[in-house]
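Read through the structure below, which is laid out as structure tokens, and then see the notes.
Rule-based calculations on the coordinates, nothing more; no lab input. For clarity, every value in this text was computed on a predicted model and none was experimentally measured.
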Amino acid sequence: MLSATQKKLREAKFFLSRLEQEERLPPGSSIPEAADFYFSAFVSAARSVAFVFQKENKAEYDSWAPGWFQSRSGPEELLMKRFKQERTQALKLTGSDLAGDTVLVPTTRIPGANSPLSTQLIWWGESIPEIATTGLRCRFAYDNADVAVVPAAREYVELLGQLVRDFLASHADGSLTNACS
């Protein structure tokens, strides 16, 4: 049920994971515009979730979705507006205003640092060594807010997942007529 919508949601998560990886790389160790490309692909895929959703179940979506969107909290509504406009900005206008700031991260906070394949790091003394990574930020076209990209994108993709889960839960009685077309 909703196979194309769920695939589009997985696509958004895929590009978010690439954006997360890009953010963890040491500055200068990647293609200069890679984060821009991944962010553009993310906003395109994420915004398409609702379009594909509506295409798969037009009648049910059109009657159910307005209530779901109206029931969102103020911060959720703002987040959706930002990403909706950001998709327009990225794909139809001048592109996103994405920037990367160098951030020092304690080695103990590096994701996967304690995995079997991680490099062993030994140090003496009180201070914990740090490495430089990139903290991606976006100046959103909607309201000029300067926001950390990865946490906002995670929150947005989770909200889209909630949209799909809530719809499926509300139609669990088998009332969907066009779920797989």
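Work out from phi, with θ = phi - 60° and the Karplus expression 6.51 cos²θ - 1.76 cosθ + 1.60, the ³J(HN,Hα) of each residue of the range 5-11, listed in order in whole Hz, and give x for Gly and Pro.
Per-residue couplings from phi come out as 5, 5, 5, 5, 5, 5, 4 Hz.
Which shape class, rounded, prolate or oblate, goes with the range 1-86 when its Cα gyration tensor gives a ≥ b ≥ c as root eigenvalues, a/c under 1.5 marks rounded, and past that a/b bigger than b/c marks prolate?
Details: a/c = 3.23, a/b = 1.89, b/c = 1.71.
Since a/c reaches 1.5 and a/b is larger than b/c, the shape of the range 1-86 is classed as prolate.
Between Arg137 and Ala172, 0.36 nm times their residue separation minus their Cα-Cα distance comes to what?
Values: separation 35, 0.36 × 35 = 12.60 nm, distance 3.93 nm.
Stretched out fully, the Arg137 to Ala172 stretch lengthens by 8.7 nm.
Quote to one decimal, in nm, the extra length available between Ala4 and Ser73 on full extension: 0.36 nm per residue of separation minus the C-alpha distance between them.
Here the segment from Ala4 to Ser73 would lengthen by 22.1 nm.
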